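Before any comments, here is the structure.
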Amino acid sequence: MERLPLHIDATASANVRGPPGKFQRWVRTAVLGTLPFLCGGDASPPHHRHQDTADNYAVQKEPPPRTDGLPGTFYEERTKDLDLTEEHYIDLLAQSLTTPEKLNQFLNSRMRYAWDSPDPDNPLQEGTEDTHRSYWQTPYETIRRIEKGKMLGDCEDYALLVQEILRRQGKSAHVVLRPEERHAMCVWVEKDDEGKYQGRRADENGVACGAKRETIAGAVQDASLHYPIHPYWIPVGRGIGSFWYVDVVSIHAFDPDLPCISQISGLELATLTALLGGAYGTYRLLRRRREGAQETWKEYVTTFRLH
């Protein structure tokens with residue numbers, strides 16, 4: 001009986017093919033290896049695929065860490081602490097930017113002036129003075145609107161961010177408006193050991209300081225680019241959540257010794273005055289009616305007894 005080769009099974013059918021050859025294995029490996037590229041597959045590690053797309057894009061576009069000792073942008077600091085939130089980042093700015101010099105350096109190196117985007121769905125799209133939409137960004141929106149390593153915003157966005165930083169430092173800061181120039185700036189007053197007041201201003205041009213004055217009115221006027229200040233009618237911007245409106249405050253709202261007054265809104269003061277006036281008017285009306293009813297009852301009883 002003739003002996004069969006070792007690699008041939010005697011019980012196998014003649015139609016069954018043997019294992020693929022070396023050339024077939026090469027072709028199969030090449031085809032399978034090019035399928036992910038042809039079909040648009042993702043060859044990145046799984047932990048990269050599930051990251052937030054916006055955060056991943058912002059981190060890749062950020063420049064190297066800063067060397068000036070000041071906090072970086074929100075996304076730069078978030079690379080150091082992945083649990084960092086917008087609230088904690090603004091707290092970090094309030095703890096770090098404790099002097100006008102540091103605040104001025106931060107605004108000049110971390111922010112860039114840009115008109116509001118004409119497209120609400122594309123905040124990074126730059127507009128012009130004629131095409132931009134009038135939109136007041138909240139401080140949280142400003143720190144998230146970043147392009148080429150700098151936060152974007154116009155004058156009121158600068159002022160609102162600085163106001164939030166200063167208020168967390170316990171200072172009475174307000175966004176003062178100049179309607180005729182369509183300009184907004186953050187204005188606050190500091191008092192030295194000699195009892196003199198110095199007004200400070202922050203906008204897209206950085207931080208500027210006025211001369212030391214004897215009165216708060218003079219300090220605020222210096223800080224407001226010599227804008228004529230009415231002592232009881234200073235237009236400021238206030239916000240309730242994401243809703244912003246124009247309010248008025250008095251010169252005493254900038255007093256560093258009275259921080260509680262700066263928190264009182266003109267609208268709230270007018271509402272409280274109207275409520276108190278209405279309550280007093282209602283009390284007087286009811287009292288007069290009660291007194292009138294008593295007089296009528298006395299007259300009726302007296303007349304009845306006389307008859």
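We did not get these values from a lab; they are worked out from the coordinates using the rules stated. Note that the structure is predicted; figures quoted are calculated from it, not measured. All Cβ positions, even for glycine, are placed from backbone atoms using ideal geometry, and neighbour counts span all protein chains on display.
Below, the figures for the structure above:
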item	result
Packing-based exposure ordering (other Cβ within 10 Å, fewest first) of HIS88, HIS174, HIS226, HIS183	HIS226, HIS88, HIS183, HIS174
Proxy reagent accessibility, fewest Cβ within 10 Å first, across PHE243, PHE106, PHE254, PHE74	PHE243, PHE106, PHE74, PHE254
Spacing of the two label points (7 Å from each Cα toward its C-beta) at ALA208 and ARG290, in nm	6.0 nm
Two-site label geometry, TRP233 and ARG178: point separation in nm, points 7 Å out along Cα→Cβ	2.0 nm
Computed E for HIS88/TYR283 - FRET, C-beta separation, R0 45 angstrom, nearest 0.05	0.35
Filter on LYS171/LYS191; LYS102/LYS171; LYS148/LYS171 - keep pairs with C-alpha separation over 22 Å	LYS148/LYS171
Other-chain or far-sequence residues with amide H under 5 Å of VAL248's (modelled H)	VAL236, GLY266, LEU267
Rg/Rh for region 174-230, where both radii come from Cα atoms and Rh is the Kirkwood radius	0.97
Alpha carbon centroid spacing (whole Å) that separates region 224-241 from region 143-174	18 Å
Residues MET185, MET111 arranged by fewest to most Cβ contacts within 10 Å	MET111, MET185
Using a Förster distance of 35 Å, the FRET efficiency for THR67-HIS226 (Cβ separation, nearest 0.05)	0.40
